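Following: one structure in structure tokens, then a few remarks.
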Number of protein chains: 2
Amino acid sequence: MDIDALKAKHPDHWRRATAIRALALDAVAQANSGHSGMPIGMADVATVLWSRHLKYDAAHPDWADRDRFILSAGHGSMLLYSLLYLAGDPEITLEEIRNFRQLGARTAGHPENFLARGIETTTGPLGQGLAMSVGFAIAEESLRARFGEKLVDHKTYVIAGDGCLMEGVSQEAIALAGRQKLGNLVVFWDNNNITIDGEVSIADATDQPTRFAASGWHVQEIDGHDPEAIDAAISAAKADDRPSMIACKTHIALGHAAQDTSKGHGALTDDDQNRTAKSGWGWEGAPFEIPEEIKSWWEDAGRRGAPDREAWEARAAKLSDAKRREFERTLSGEAPKKLSATIKALKKQLVESKPKVATRKSSEMVLEVVNPICPETLGGSADLTGSNNTKTSDLGVFDIENRAGRYVYYGIREHGMAAAMNGMALHGGIRPYGGTFFCFTDYARPAMRLAALQQIPTVFVMTHDSIGLGEDGPTHQPVEHLAICRATPNTLTFRPADTTEAAEAWELALTQTSRPSVMVLSRQGVPAVRHEMKAKNLVSQGAYVLAEAEGKRQAILLATGTEVSVALAAREALQAEGIGTRVVSMPSLELFAEQDEAYRKRVLPGGPVRVAVEAGVGLGWDRWLFGERGREKKAGFVGMSGFGASAPAEELYAHFGITAEAVAEKVKSLL
Amino acid sequence: MDIDALKAKHPDHWRRATAIRALALDAVAQANSGHSGMPIGMADVATVLWSRHLKYDAAHPDWADRDRFILSAGHGSMLLYSLLYLAGDPEITLEEIRNFRQLGARTAGHPENFLARGIETTTGPLGQGLAMSVGFAIAEESLRARFGEKLVDHKTYVIAGDGCLMEGVSQEAIALAGRQKLGNLVVFWDNNNITIDGEVSIADATDQPTRFAASGWHVQEIDGHDPEAIDAAISAAKADDRPSMIACKTHIALGHAAQDTSKGHGALTDDDQNRTAKSGWGWEGAPFEIPEEIKSWWEDAGRRGAPDREAWEARAAKLSDAKRREFERTLSGEAPKKLSATIKALKKQLVESKPKVATRKSSEMVLEVVNPICPETLGGSADLTGSNNTKTSDLGVFDIENRAGRYVYYGIREHGMAAAMNGMALHGGIRPYGGTFFCFTDYARPAMRLAALQQIPTVFVMTHDSIGLGEDGPTHQPVEHLAICRATPNTLTFRPADTTEAAEAWELALTQTSRPSVMVLSRQGVPAVRHEMKAKNLVSQGAYVLAEAEGKRQAILLATGTEVSVALAAREALQAEGIGTRVVSMPSLELFAEQDEAYRKRVLPGGPVRVAVEAGVGLGWDRWLFGERGREKKAGFVGMSGFGASAPAEELYAHFGITAEAVAEKVKSLL
């Protein structure tokens, strides 16, 4: 690549873009770790985007109608930090840049959305940013339909690398965006032909532009170092009503000794080579030093959107009080005031009607009353709508011709769905929930983890939660998935026992602001277990005494979900033999763990034999059986120890010994 | 669709294919669950394939050189069972067909490879079959290069549905197969335009033929009900040196009232409708009844390959004894005789050299001595070769021009890699291992579960196993992943503490025949902890006493991997204060759980305080801290309780309090 020619052709642009290059090189060298080559290669695209197209006001990184910028190739985090610092973001200071990748810095190795307002998403696990961006774009369309384009009218820009496009989730994202014709989405592909193991060609020969076009995208191919070509391509992308992919031919680590090599992907820390590169770029001065006229030009760029923002605020101020309050409430993620009363009214009804239904149906019954009063919910399913019970009667279908619809047919794309929902939650103004079979938590797993890490309240509706799924067999029968969800930090796992618990669990899920919820629901029907109206949300304590022992308390049965009724039946049998037995329903082990010790001891006092019953593996139960306190006690677990099998559900419960009889026997053997 | 025209045009073919349709309809109706429409729609393709092209001998379903048939759309399992029964498979009898989806039957809801030899793979989680088929095709190429085409020369045929193609893993598979130009792979796409939620168009608008072609595939589009078109397309696919995709336009539930509807995807159980459908097909007779001339035609088809098989056996018999034994050993999955001595020799060396290295480097040191004597290993990495330390000096690269190479550049495709490795293990003759970061277990998870369920010894090499990864931060730092692996049934999780334990763990992984292994390895260096030569493989017991208490045993420290040296340092500090402390290294909790109680009690006797230290979440540890026995004892856990952070590794260990000091303090607080 002829650097001198680039410099000569667009000297001003070159110096502005090279400010990014220099900062990235310096910060990575100082941290002695990180990725220098990508920010260096994509500096031109980023400079044109951030100075001519991106709608933002750097001083107000949380302006609701800003364009979103998502660095899907998150390892190039110094690109984002450089842009934020240069443009005048209040949180990403030069001090932060100097502390790149150090404990406590906002400038983590990969962008972390919770460390600075200017960072839209946590990226790094490849493909996730691209997949989340589809959710951002859907959120924008949905809110525009709801609140009008005077309040909501922005775009989502993404930089994706070869890694993002090789990850399978990219296909789910591309196909979904193409099908939904998300014209507000623009993806730059950093086509640098380099991955960690070498040239892309060692592992891939895909014609990416053709692949995107095959899913209905508008595709352009440009020289990613030519500012005029970049500018023209972005303009064309904005004008087209399809999602746009701009393939940007770039040179990783442009102008560095490591240019166009996989070494250039990583940390460039050789002083001499770095000096030589800077000199070739025509960049003088000490590390981290940005010439004032360049910094000032960038700050002007960062202020470009201020008049837009002010005009937007003026428009917002003109709204009726009610509409403005609703808009603000929606964006803040605050639940509607009516939610609590709606849930209470439903609970009151349920005490009367005692529906004997599958808990997936329970969930639908809750959503039927919640969705009408909660216009920010956006439901969906990965092609299991009728099985996940996620579509309520009032939602309408989100589609090209009906952006006001509130139900997305995600297709057979659990991973893409989960990531898209994360994008909506991050965008704000949408409370996404989406369904699949609980076993396919496996497919959605990378995005479910990112929901927890990003501290967003995505709701994963996971039905067919055990061997109770029956004939479909072990590929579809989760056994380890409750343990997986519970092992994941900052995640609420709910396994309601009946419709009342489902209502309480949904109330909690819909009022979370900083953690995702997993609703674990059954295929098979269960009796109602809550027969008394309690105004209090009992699920909020994680576990509670559902049925007290009569006579001397000799045993405590712990159960979740469909096994609560198994425990109740076991209790009946034990009481009939004079064995006083308490049943504790434990819809959320995480919330129970968060209660104070006094409450935990009240629910699980020492002394009685304890038996837990859950149609999954026992991993994680020992804490509640043995580990919570130092006193000797006897305890056992009734559940699964391996994979399931294909047969009718009732036969499987008998076959694997998850029955009231087995629980009662276990208690008796321990007494 | 004009059924009468189809019948009239190819009357014999029609009746033979309709035998499949009738069996599928009958079996699903009898089970009152399952999927009728897909077998009915794909019966023509399957009939032509199995009667004119597929190389097999139904009576010998495990003939090594058979073509492989993989039903990626596993919900259509009755298609496979019908074919096996009709063609004369010894295990899939009419009785089994009648017991479809019942407890104990070989005819599970989805095909399960461990239930009958004629079932190559477990499928159902969509896209997995397609992704595994790439591994089958690579295995065939690799073995052909090694043993010659007289012994190995077969194809892999796949039926994939719309769901398979929507799942992201399909893109990883398609791109990898295209890049590797796997001409021995033929995929039929059941292009029926129907998914569970409705027409494909509600969620997808992808031009699939173009998408495949963009990754270098040979693509044809045909009428999937026209036997001559099917025949010609298969011939063309076989003749082309690229992987082939045949888009078969079909009608789901052809000729049934539910034809071309999403209802047709599921269980068709309406007696009247079923009767009408059969009558329209021209099918008479009782349920499950196949006219003798049709059964006999099918059995002839199933014997078609017998002469081929006999000729193959004659060729195999002519091999030298040594070559035949090696071929048989390789296919049987038996480890080389030299393996044990090789590991012992390495261990002897290690006691002398005491290398202070990262355990990922330990793993490489083991592979450097193992790969030369274990020609069936096929290594690889998802674009992290230098980080995963998976490529040893002798392997060569598997590529179009070098099928004898034993290292695959999988690209940034953890899921596709894991699934392809499963395919190789199922094919037989290959012992696949492949690497990525442990955190990206998340991406590979659906295939890792299928390895366990399918009872195959795939080895997952997972490096950068904790916050010890350092600056890349929480997106790349596993904390819940040890719990995830340990929660998964039939999976061995190894976390070796040093090179000696790594050698023992690899010996165990390479001698497994029916369960996968996860090698959990560090980025950061650790001292050697094993200083004495033991001929016995200590890892085989899962846990063992690494350092005994001096004086009265007051504490037992339990640790894995890099935290074993933390525990040893804590022991030193405690012993200095006169607190007798035992250190137990626990490289595999699963194998320890399999030991008899006497051994477990010897390693973890009651009485002393117990503290476990592991740089992950505590879920699952309570069993070893509290839960194993009924006696009172005091115990604690030192590890992670949330996500990590971005900073140098040593600072993170200090920040999160995973230090020798913290462990010693915890012990003292409990004493």
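A short reminder: the numbers here are calculations on the coordinates, not readings from a lab. Keep in mind it's a predicted model, so treat the numbers as computed, not measured. Every residue, glycine as well, gets a Cβ built from its backbone with ideal geometry; the counts of neighbours run over all protein chains shown.
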Legend entry - Whole-number percent relative contact order across chain A, with pairs defined as alpha carbons under 8 Å at least 6 apart: 12 percent
Legend entry - C-alpha long axis of helix A:227-239 to longest principal axis of chain A, angle in °: 40 degrees
Legend entry - Positive minus negative residues near B:Asn191 (Lys, Arg vs Asp, Glu; Cβ under 11 Å): -3
Legend entry - Virtual spin-label span in nm between B:Ser393 and A:Glu310, 7 Å along Cα→Cβ: 7.0 nm
Inset, instruction - Kindly state, to the nearest 0.05, the FRET efficiency for B:Arg324 paired with B:Ser235, given R0 = 45 Å and r defined as their beta-carbon distance. - result: 0.85
Inset, instruction - Run through the other copies and list how far each one's label point is from that of A:Lys552, in nm with one decimal, shortest first; the point sits 7 Å from Cα along Cα-Cβ. - result: 3.7
Inset, instruction - Give me the distance in nm between label points sitting 7 Å out from Cα along the Cα-to-Cβ direction at B:Ser279 and B:Ala59, one decimal. - result: 4.1 nm
Inset, instruction - Run through the DSSP bridge list for the protein assembly as shown and note the antiparallel percent, rounded to the nearest 5. - result: 15 percent
Legend entry - Tensor-based shape of the protein assembly as shown (alpha-carbon gyration tensor, a/c under 1.5 rounded, otherwise prolate or oblate): rounded
Inset, instruction - Compute the projected area of the convex hull of the Cα atoms of segment B:511-575, averaged over all viewing directions, and report it in nm² to one decimal place. - result: 6.0 nm²
Inset, instruction - Would you mind calculating the relative contact order of segment A:483-553 from Cα pairs under 8 angstrom and at least 6 residues apart, reporting the percent as a whole number? - result: 34 percent
Inset, instruction - Go through A:Lys348/A:Lys601; B:Lys354/B:Lys534; A:Lys337/A:Lys601; A:Lys7/A:Lys238; B:Lys347/B:Lys634 and tell me which ones have a Cα-Cα distance over 25 Å in this structure. - result: A:Lys348/A:Lys601; A:Lys337/A:Lys601; A:Lys7/A:Lys238; B:Lys347/B:Lys634
Legend entry - For B:Asp207, label point 7 Å along C-beta direction: distances to other copies, nm: 1.0
Inset, instruction - Would you please put A:378-390, A:534-546 in order of how densely packed they are, using the mean number of other Cβ atoms within 10 angstrom per residue and starting with the highest? - result: A:378-390, A:534-546
Legend entry - Among B:141-153, B:185-197, A:252-264, A:77-89, the order from most to least packed when residues are scored by Cβ within 10 Å on average: A:77-89, B:185-197, A:252-264, B:141-153
Legend entry - segment A:77-192: relative contact order as a whole-number percent, Cα under 8 Å and 6+ apart: 21 percent
Inset, instruction - Report the net charge of residues surrounding A:Met166, where surrounding means a beta-carbon distance below 9 angstrom and charges are Lys +1, Arg +1, Asp -1, Glu -1. - result: -4
Legend entry - Shielding score for A:380-389, defined as the mean number of other chain Cβ atoms within 10 Å: 4
Inset, instruction - Could you check the simple spin-label distance between A:Ala317 and A:Glu95, using points 7 Å along Cα→Cβ, in nm with one decimal? - result: 3.3 nm
Legend entry - Electrostatic dipole magnitude of chain A [Cβ: Lys, Arg +1; Asp, Glu -1; Cα centre; debye, to 20]: 2580 debye
Inset, instruction - Distances from B:Ser353 to the same position in the other copies: list them in nm, one decimal, shortest first, using label points 7 Å from Cα along Cα→Cβ. - result: 7.2
Legend entry - Per-residue mean of C-beta atoms belonging to partner chains within 10 Å, peptide B:104-110: 5
Legend entry - FRET E, pair A:Asp272, A:Thr511, Förster distance 41 Å, beta-carbon r, rounded to 0.05: 0.10
Inset, instruction - Kindly identify chain A as rounded, prolate or oblate by the Cα gyration tensor criterion: order the square roots of the eigenvalues as a ≥ b ≥ c, call it rounded if a/c is under 1.5, otherwise compare a/b with b/c, prolate if a/b is larger, else oblate. - result: prolate
Inset, instruction - Report, in degrees rounded to the nearest 10, the 0 to 90 angle that the Cα long axis of helix A:563-576 makes with the longest principal axis of chain A. - result: 20 degrees
Inset, instruction - Let me know the mean shielding of B:66-78 by other chains, meaning the per-residue number of their Cβ atoms within 10 Å of its Cβ. - result: 1
Legend entry - Pairwise FRET efficiency - B:Ser332 versus B:Glu368, Cβ, R0 = 25 Å, nearest 0.05: 0.50
Inset, instruction - Among the listed pairs B:Lys361/B:Lys536; A:Lys9/A:Lys181; B:Lys323/B:Lys344; B:Lys55/B:Lys249; A:Lys323/B:Lys263; B:Lys249/B:Lys295, give every one whose C-alpha distance is greater than 32 Å. - result: A:Lys9/A:Lys181; A:Lys323/B:Lys263
Inset, instruction - Give the percent of DSSP beta bridges with both residues in chain B that are antiparallel, rounded to the nearest 5. - result: 15 percent
Inset, instruction - With everything on Cα atoms, drop me the angle between helix A:77-87 and the longest principal axis of chain A, reported from 0 to 90° to the nearest 10. - result: 60 degrees
